[in-house]
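Written below as structure tokens is the structure these notes are about.
The values are calculated or read from the model by the stated rules, or taken from the named source; none is laboratory data. Please read all numbers here as calculations on a predicted model, not as lab measurements. No Cβ is skipped: glycine too gets one built from the backbone with ideal geometry, and neighbour counts run over all protein chains shown. Surface accessibility is based on the protein's heavy atoms, side chains included, excluding ligands, DNA and RNA. Shrake-Rupley method; radii C 1.70, N 1.55, O 1.52, S 1.80 Å.
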Number of protein chains: 2
Amino acid sequence: MNGKTHPKKIYLPEDRLPRAWYNIVADMPNKPLPPLHPATKKPLGPEDLAPLFPMELIKQEVTDERYVEIPEPVREIYRIWRPSPLIRAYELEKALDTPAKIYYKYEGVSPSGSHKPNTAVAQAFYNAQEGVKRITTETGAGQWGSALSYATQLFDIELQVFMVKVSYRQKPYRKTMMNIWKGKVVPSPSELTETGRKILAEDPDNPGSLGIAISEAIEMAVKDPHTKYSLGSVLNHVLLHQTVIGLEAKEQMEMADAEPDVVIGCFGGGSNFAGISFPFLKDKLEGKKPDLRVIAVEPDSCPKLTRGQFRYDFGDTIGLTPLIPMFTLGHTFMPPAIHAGGLRYHGAGAIVSQLLKDGFIEASAVPQTESFEAGLLFARTEGIIPAPESMHAVAQTLREARRAKEEGKSRTILFNLSGHGLIDLGAYEQYLQGQIHDYKVTDEDIARNIEVLDQMGFPVPE
Amino acid sequence: MNGKTHPKKIYLPEDRLPRAWYNIVADMPNKPLPPLHPATKKPLGPEDLAPLFPMELIKQEVTDERYVEIPEPVREIYRIWRPSPLIRAYELEKALDTPAKIYYKYEGVSPSGSHKPNTAVAQAFYNAQEGVKRITTETGAGQWGSALSYATQLFDIELQVFMVKVSYRQKPYRKTMMNIWKGKVVPSPSELTETGRKILAEDPDNPGSLGIAISEAIEMAVKDPHTKYSLGSVLNHVLLHQTVIGLEAKEQMEMADAEPDVVIGCFGGGSNFAGISFPFLKDKLEGKKPDLRVIAVEPDSCPKLTRGQFRYDFGDTIGLTPLIPMFTLGHTFMPPAIHAGGLRYHGAGAIVSQLLKDGFIEASAVPQTESFEAGLLFARTEGIIPAPESMHAVAQTLREARRAKEEGKSRTILFNLSGHGLIDLGAYEQYLQGQIHDYKVTDEDIARNIEVLDQMGFPVPE
């Protein structure tokens, strides 16, 4: 093994934990377009978001300052698991017999096992500061609900999680994890909201959807002045908080005397991708590192970045949110039931979409079986079982490393291993049993959903 | 929070990973008594163990050299997750409002999530060196089976795991984890052995037991010269390998400028307890640290250390092993079905038993509900969900920290958090639902099982 002189794991000392998040908007030549009110089609003002979010987060949503200070109490909590390790994948490199040098930032060391607590803790803090007593949120597979449960209990905020009913039944461990951290979890549709009651009255066996769960969470938040709502991805302030990942990684790469040629993150709503890549993209935006490649990896069954259109669309499937400028498959697009639940989202956030449009980042799509094959190789070499979402970043890394071998060229790859898969072992079991399939999304299917946006008269930015 | 000047997590650089395991036998004033052949009652020779273990491990079982060098390939693999972090429990201390300083060594960072790979990798290495092509083992809850699966695949050794049938059904995730690492798993009793076939012929619905699984694994190993058997606890060489935990912790405590007054580990067969404590006990055995307290924590429903007798007994429940000198409840003792499966063992290893008899260590027993209460507090403060076994160490730590507060005295506590509980969330769910109970073990019950040993004429050392 080749790991004798350089360490495998690079730890950044706690006193070098970043003091500010990096806001990429400050360095973008074309700023992200503003969200629009769905009725008036006019840009939103802060007051439009005030029923949902505390003012400090609304400010972060629209700021163009380059750095936003991380409050000291948030840094203190980050220290429970951060800085997370940067790891040189010596064992994987050896198995691939590649000249590429592979590094990964490992976010699975957090309490809930993914990068999600980075923003959950920040959001809980700002809510607590403004006297919020209760937060509502939705969760699909449960990663976000468990991260926010962990965070809110630290600030004595009550949390009500609406969990998509079918996931609630399939993933009992996630519900338990939320309960351990005092999160209240109800299967959605529920009897707690008008929306839920109405749906249940018509269809008592409704399995739920992320759209319904969002709807219930927002309804409960809007009705009570002491209750706010919280979102785990897509929005600018969420991406901002996640940049702590890349800021640490940048310092750790320097400690390892290495510089990435390629930075890779899997892509659902964009939060872990933005987290690892934005601090590196800064150099590219400033013209210092023009050859840097930054790759967002999506499942080929939910291909908004590689096959979607850049235009205004709802952020949710029901149509409760503002119109967001994004690469989208249409909010009515129903992605197949792949195991990477966190990547089953029809659109991308405003910042990432603008960066893709302007050619600063690339996108790539990976079939489900390829992602599992990559996850299994990773587990057998590096000893960490990746989450189904994170497998996609591994799969793209394998593609790059194999290409490096074919070309006989070295290259340095950095990817974000956004979470472990210990709560997702049921998915691995299916793969080992040969029960995991790929799905084809037809052009017609995409066109049909995009047409809905035309019919609704949603603006298309040039 | 009080963590501003000192870091919460203390990382030992990889180049300071220990180069040798520590063998406490060298420093014991009274050496552990030898195992006896059950028929002749004569001490065993190396040749008696040769059908089961490679010669290098048999040598380690009986050596009295103070240090045993860790082979370089084993150190290279250790580096994948080791040195494991030493963590200052600032958040727990704050919640307890205690003057005690609490540190824990966290072994849950390993591939299978516990300390078990420390010996699994070493055992796989020595087997591979001697040309072994296949290893058999038994597993109850699955921690050991998954650790050994991870280790054997690294050396291209085939692994056959006999998993107690009732656990096989209750813990499907553990089976999946073993399969991810190429371990073959069969519910025991199985059709693969004569023992299994015989039991199934009489009782097709037999739920299995650890005793039956051991019996099957040993039968398969003995019948094939290229197949050996492997055990995850109790034996001297297993405890030896685990001392890497305490050796690291000793250096890390020095880095933190701290010295423990109390060292705590939970106790099943003794491997994680020995791992954390033996390197610290060395100072006590040498008279340098006479006041050091070392506490082995067992469930009060399997109280061999606090209520058992020191005498020769079988290591397994069926009677296939040599006679081992140990604190025991009798090999026929059936512990209640507590969730800490790894602590449901009737006896203690020879070394630990001698140390307890000679007064160098203490033992303590914790009820199941107290352990869960401690585990939940730990998860809410430190952010790590402990395994049911490890909760027992947490519970004893809470007792010591609360006593420190009552007495108004500071004291430094070090405990081993031997694993995370992410595969055991079902147990937490039961606790949160109020379905976890304590069990009483009566003196009569213990006496009845000890009487069996008298009837069998097993020797009692003075």
- [ ] Could you state the angle between the C-alpha long axis of helix B:388-407 and the longest principal axis of the C-alpha atoms of chain B, as a value from 0 to 90 degrees rounded to the nearest 10?
- [x] 30 degrees
Open item on the list: Solvent-accessible area of A:D15, probe 1.4 Å, all protein chains present, reported in Å² to the nearest ten, please.
Closed with: 110 Å²
Open item on the list: Just to make sure I understand: if all protein chains stay in place, what is the order of B:K184, A:K42 by accessible area at 1.4 Å, largest first?
Closed with: A:K42, B:K184
Open item on the list: In square angstrom and rounded to 100, what buried accessible area do you get between chains B and A, total over both, with the probe at 1.4 Å?
Closed with: 4000 Å²
- [ ] Express as a percent, rounded to the nearest 5, the fraction of DSSP beta bridges in chain B (both residues included) that run antiparallel.
- [x] 35 percent
TODO: Give the long-range amide H neighbours of B:V294: residues separated by 5 or more places, or on another chain, with amide H under 5 Å away, using H modelled in the peptide plane at 1.01 Å from N.
DONE: B:V263, B:E362
Task: For region A:119-167 versus region B:231-297, the gap between their alpha-carbon centres in whole angstrom - done: 40 Å
Open item on the list: Could you put A:K223, A:K250 in order of accessible surface area, largest first, with the 1.4 Å probe and the full protein assembly present?
Closed with: A:K223, A:K250
- [ ] Could you work out the local net charge near B:D27, counting Lys and Arg as +1, Asp and Glu as -1, over the other residues with Cβ closer than 13 Å to its Cβ?
- [x] +1
Task: Amide proton proximity set for A:D300, modelled H, under 5 Å, gap of 5+ - done: A:V366, A:Q368
- [ ] Give the accessible area for B:M255 in Å² (nearest 10); use a 1.4 Å probe, count only protein heavy atoms, and leave out ligands, DNA and RNA.
- [x] 90 Å²
Task: Cut-off under 5 Å, modelled amide H: who pairs with A:H420 long-range - done: A:G108, A:A387
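Quote the relative contact order of chain A in percent (integer), defining contacts as alpha-carbon pairs under 8 Å separated by 6+ residues.
Relative contact order comes out at 18 percent.
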TODO: Step through the table entries B:K304/B:K440; A:K165/B:K175; A:K184/B:K171, compare each Cα-Cα distance with 18 Å, and write down the pairs that go over it.
DONE: A:K165/B:K175; A:K184/B:K171
Open item on the list: Positive end of the dipole of chain A, charges at C-beta (+1 Lys, Arg; -1 Asp, Glu), about the Cα centre: which of A:V352, A:T369, A:L192 has its Cα farthest in that direction?
Closed with: A:T369
- [ ] Output ³J(HN,Hα) for region B:58-71: one whole-Hz value per residue in order, computed from phi by the Karplus curve 6.51 cos²θ - 1.76 cosθ + 1.60 with θ = phi - 60°, and x for Gly and Pro.
- [x] 5, 4, 5, 5, 10, 5, 10, 5, 5, 10, 10, 4, 7, x
Open item on the list: As a test, work out the antiparallel percent of DSSP beta bridges whose residues both lie in the protein assembly as shown, rounded to the nearest 5.
Closed with: 35 percent
Open item on the list: Could you report region B:335-460's accessible area per residue, 1.4 Å probe, as an integer in Å²?
Closed with: 36 Å²
Task: Low-density loop cleavage sites - trypsin sites (Lys or Arg not before Pro) in region B:403-462, where at most 15 other Cβ are within 10 Å (DSSP) - done: B:K409, B:K440
Open item on the list: If I fit a long axis through the Cα atoms of helix B:368-382 and take the longest principal axis of the Cα atoms of chain B, what angle between them do I get, 0 to 90°, rounded to 10?
Closed with: 50 degrees
Task: For region A:98-111, Karplus couplings with θ = phi - 60° (6.51, -1.76, 1.60), whole Hz, Gly/Pro x - done: 10, x, 5, 9, 10, 10, 9, 8, 10, 8, x, 6, 6, x
- [ ] Using only Cα atoms, tell me the angle between helix B:443-455 and the longest principal axis of chain B; keep it within 0 to 90° and round to the nearest 10.
- [x] 40 degrees
Open item on the list: Quick check on region A:283-416: of the DSSP beta bridges with both residues there, what percent are antiparallel, nearest 5%?
Closed with: 60 percent
Open item on the list: Leaving ligands and nucleic acids out of the surface, order A:R197, B:R19, B:R134 by accessible area at 1.4 Å, largest first.
Closed with: B:R19, A:R197, B:R134
Task: Percentage relative contact order, region A:325-462, counting C-alpha pairs under 8 Å, at least six apart - done: 28 percent
